[in-house]
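The values are calculated or read from the model by the stated rules, or taken from the named source; none is laboratory data. Not measured: the values here are computed from a predicted model. Positions of Cβ are backbone-derived with ideal geometry, glycine not excepted, and every protein chain shown enters the neighbour counts.
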Amino acid sequence: MQVARAGSVSRASTILNVAQPALSRQLMKLEEELGVSLLVRHGRGVRLTRAGSSLLEHANAVLRQVDQIAELVRAPETSFAGHVVLGVPPAAGLLIAPVVVEILRERWPHASITVREGISTSLEEWLLDRRLDLAILYNAPPLDGIVLTPILHERMVVAGPASEVEMSGRSIRWRDLSSLPLILPSLPHSNRRLIEQAAIQRSAHLDVVFEVDSVTMTKAMVKRGLGWTILAHAAVAAEAERGEMTVRVIDRPPLISTVSIGMPMETQSRSQSQELFQVVRGVMIERVAAGVWYGAKVVDDYVR
């Protein structure tokens, strides 16, 4: 490398403080081992052949990697340098994912981070397939090999078109839901499971006119007056504040959604997994305390 930079063996030997004959022998030995010519000798010194340029490029890359390895070895044990994949549902993801990624980037500057968005049933499947290291799940059933930790409770609301805005803030009973054309996700979506189970327990009839799995598309259809929907309060708080949708609180009894963190059982005890869990949990609790996660309460503080 130094020979290439200096442009001659004699100048390189001076810089390296190595005798010129010894340096020349090393170069010849390297060319013999590789079976290619690395240098072209001329009157003013040497220049790299195509093979020599390729070797120099790869050698530089290797040296950079060695420098990075040394830096990682010297770094604190908490500086995780692997790959992390987070799974988030749409509404919750918007609230916490940017903050979580920002914190992880600061704590683990050498880690690569992927965020995958999906409905809870998709997140459950990805978690079971070990395609996620951690997922935020709504109303998740028991999952084989997955540790579920409830973090928040959210109050569910009925959201309708802006034409009904004068009714915003009013409560609605389960028996009155039968008069509303509903746009709900299809089974086995976690929200649909929760709503159907609650309706059966309250002997309430649900008039489902459309099945839509996307929260964004559901809200767009509600805004066009195609029906009403049932979502967590945080998912429609911004639209309600702008007067784009009507929100009515389900009462007597309320409909409560549980937000949990799911992690594979075999990775839960690892230090980086515990740190990841604490970061995500901490951000979720902070979002609630700041009033950003509207209508949610931390599980330990929740009183029905």
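What's the number of the only condition in (1) farther than 26 Å from E244 by Cβ; (2) crowded, with 19+ Cβ neighbours inside 10 Å that M156 fails to meet?
Condition (1) is where M156 drops out.
Conditions first: (1) over 23 Å from L143 (Cα atoms); (2) in contact (Cβ under 8 Å) with a residue 24 or more places away in the chain; (3) under 12 Å from the mean Cα position of the chain (by Cα). H110 passes all but one, so which condition is the exception?
Unmet condition: (3).
Quick one: H189 ticks every box in (1) in contact with a Lys or Arg (Cβ under 8 Å, 6 or more places away or on another chain); (2) not assigned by TED's automatic domain parsing to the domain that holds W108 except a single one, so which number is it?
(1)
Yes/no per residue for (1) touching a residue at least 40 places away in the same chain (Cβ under 8 Å); (2) under 28 Å from the mean Cα position of the chain (by Cα):
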residue: E125; (1), (2): no, yes
residue: A135; (1), (2): yes, yes
residue: G145; (1), (2): yes, yes
residue: L148; (1), (2): yes, yes
residue: L152; (1), (2): yes, yes
residue: V158; (1), (2): yes, no
residue: P185; (1), (2): yes, yes
residue: R193; (1), (2): yes, yes
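Test T267 against the criterion of being more than 25 Å from I146 (Cβ to Cβ) and under 19 Å from the mean Cα position of the chain (by Cα), and give yes or no.
Numbers: more than 25 Å from I146 (Cβ to Cβ): no; under 19 Å from the mean Cα position of the chain (by Cα): yes.
No.
Tally time: how many residues in the range 208-249 are part of a loop (DSSP other than H, G, I, E, B) and either in contact with a strand residue (DSSP E or B) (Cβ under 6 Å, 6 or more places away or on another chain) or more than 24 Å from R287 (Cα to Cα) (or both)?
Number satisfying all stated conditions: 6.
State which residue pairs qualify: first residue under 16 Å from P161 (Cβ atoms) and inside the range 202-226, second residue of a type in the set (D, E) in any location, beta carbons under 8 Å apart, and separation of 6 or more residues or different chains.
Close Cβ pairs (under 8 Å, with a partner that is of a type in the set (D, E)) amount to K219/E239; K223/E239; K223/E244.
Among the candidates A12, A61, A51, A22, single out the residue that is at pLDDT below 70, outside the structural domain of H110 (by TED's automatic domain parsing) and more than 30 Å from H110 (Cβ to Cβ).
Values: A61 fails: more than 30 Å from H110 (Cβ to Cβ); A51 fails: at pLDDT below 70; A22 fails: at pLDDT below 70.
Of the residues listed, the single one that is at pLDDT below 70, outside the structural domain of H110 (by TED's automatic domain parsing) and more than 30 Å from H110 (Cβ to Cβ) is A12.
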